[in-house]
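Here's the structure we're looking at; comments come further down.
The numbers here are math on the coordinates, done by the rules we state, and not lab data. Quick caveat: nothing in here was measured; it's all calculated off a predicted structure. Using ideal geometry, Cβ is built from the backbone for each residue, glycine included, and neighbour counts are taken over all protein chains shown.
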Amino acid sequence: MLIGQFWGTSAAEGIPAPFCRCQNCLNARKKGGAFIRTRSCFRLTEEIMLDLGADAVAQSVKYGELSAVQHILVTHTHEDHLNPHMLMEAMWSREYRKTLHYYLTDKAFDIVEHWRRSPWILKGMVPRWEEAGIVAFHRLEYGRRMEIAGIGATPFRGNHRGNVGEDSALYLLELPKGQTLFYGLDSGPYYPETIAALKGRTIDIFISEATLGARIGQNHPNHMNLQNVRDLTETLLAQGTLTPGSRLYLTHINHHSAPEELEACLEQLHFPIPTVVAWDGMKIF
Ligand SMILES: [Zn+2]
Ligand SMILES: [Zn+2]
Ligand SMILES: [Zn+2]
């Protein structure tokens, strides 16, 4: 069953960031509600999560339990997106009598080898849990389609270095009834090869990172501001990957842009397709 809910929409530090006293973080602490952003992840269906990161336990308190979840599509190995403790959570639950499948793309899979070998990660239990069938790890290849719990999933190369030096995985997901969703985080401006690989594909729902938000002058090799995302949207629209009927949701927002700055910047940039800044708990289907 499709769910389509943002569980978290912040960049790595969260909003408010725990050690920060900037105006935006102070404001978020005071106002609460939609001003709070937890670390990015997205519940696609009953069974599939896109990342399960640093705030997964707190998010599950708010948005529902994970007992039906069996598949975690990992974008990259940064801890805000991939939290090994969640394996422990699944192992602890006597009611969770399933295998929790983790999908990592290309070199990102190296972290699994590290977990298997290290006595200091999850008490060295990972090989035993694999043997017992509590968890299974799968290596995906860029551009190669997999069918996961009724959803077609193809990873594309993102411009973002993870903890093991890997590029991130941006997922093109084929939903039931032919709709497609692209989960594009984390990434800097896309590699030309990724733009080319997306030619001939159609994205109906585009979820993009916009880490640097309204900080247009700030360029980062591994993240994007709203101008970068707009440029990318134009490019994808020009080559037919996006269409005038596509929708764009912005997520993975850092604490340097106030909500009203984001809205003003969005308005000023005139995005070519309907675009909204997502919030924690937002449902899109
Ligand atoms: Zn991130
Ligand atoms: Zn701050
Ligand atoms: Zn990252």
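The table that follows gives values for the structure above.
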read-out: Condition met for I121 (farther than 29 Å from L181 by Cβ, β-branched (V, I, T) and in contact with a His (Cβ under 9 Å, 6 or more places away or on another chain)); value: yes
read-out: Scan of segment 1-39 for residues that are assigned to a loop (DSSP other than H, G, I, E, B), more than 16 Å from ligand 1 (Cβ to nearest atom) and in contact (Cβ under 8 Å) with a residue 24 or more places away in the chain, ordered by number; value: M1, P16, C20, C22, I36
read-out: G32 vs. criteria surrounded by fewer than 24 Cβ atoms within 10 Å (Cβ to Cβ), on the phi > 0 side of the Ramachandran plot and more than 11 Å from ligand 2 (Cβ to nearest atom); value: yes
read-out: Test result for R157, under 23 Å from D80 (Cα atoms), within 19 Å of the chain's Cα centre (by Cα) and not in a loop (DSSP other than H, G, I, E, B); value: yes
read-out: Failed item in (1) more than 30 Å from N219 (Cα to Cα); (2) within 18 Å of the chain's Cα centre (by Cα), with W115 passing the rest; value: (2)
read-out: Residue list for segment 229-285, filter: buried (at least 20 other Cβ atoms within 10 Å of the Cβ) and of a type in the set (D, E, K, R); value: R230, D280
read-out: Residue list for segment 216-258, restricted to those being farther than 18 Å from G158 by Cα and in a loop (DSSP other than H, G, I, E, B); value: I216, G217, Q218, Q239, G240, N254, H255, H256, S257, A258
read-out: Check on A90, under 23 Å from A149 (Cα atoms), touching a Phe, Trp or Tyr at 6+ places or on another chain (Cβ under 6 Å) and of a type in the set (A, V, I, L, M); value: yes
read-out: Any chance P176 is in contact (Cβ under 8 Å) with a residue 60 or more places away in the chain, surrounded by fewer than 18 Cβ atoms within 10 Å (Cβ to Cβ), over 20 Å from the mean Cα position of the chain (by Cα) and more than 16 Å from ligand 2 (Cβ to nearest atom); value: yes
read-out: Selected residue (criterion: farthest from ligand 3 (Cβ to nearest atom)) from residues of segment 118-154 that are within 24 Å of the chain's Cα centre (by Cα) and basic (K, R); value: R145
read-out: Yes/no for L185 being under 20 Å from S40 (Cβ atoms), surrounded by fewer than 23 Cβ atoms within 10 Å (Cβ to Cβ), under 13 Å from the mean Cα position of the chain (by Cα) and of a type outside the set (V, I, T); value: no
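Every residue, every condition in (1) within 16 Å of ligand 2 (Cβ to nearest atom); (2) under 25 Å from R144 (Cα atoms); (3) assigned to a helix (DSSP H, G or I), yes or no:
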position	(1), (2), (3)
I72	no, yes, no
T75	no, yes, no
D80	yes, no, no
K98	no, no, no
Y103	no, yes, no
F109	no, yes, yes
V112	no, yes, yes
K123	no, no, yes
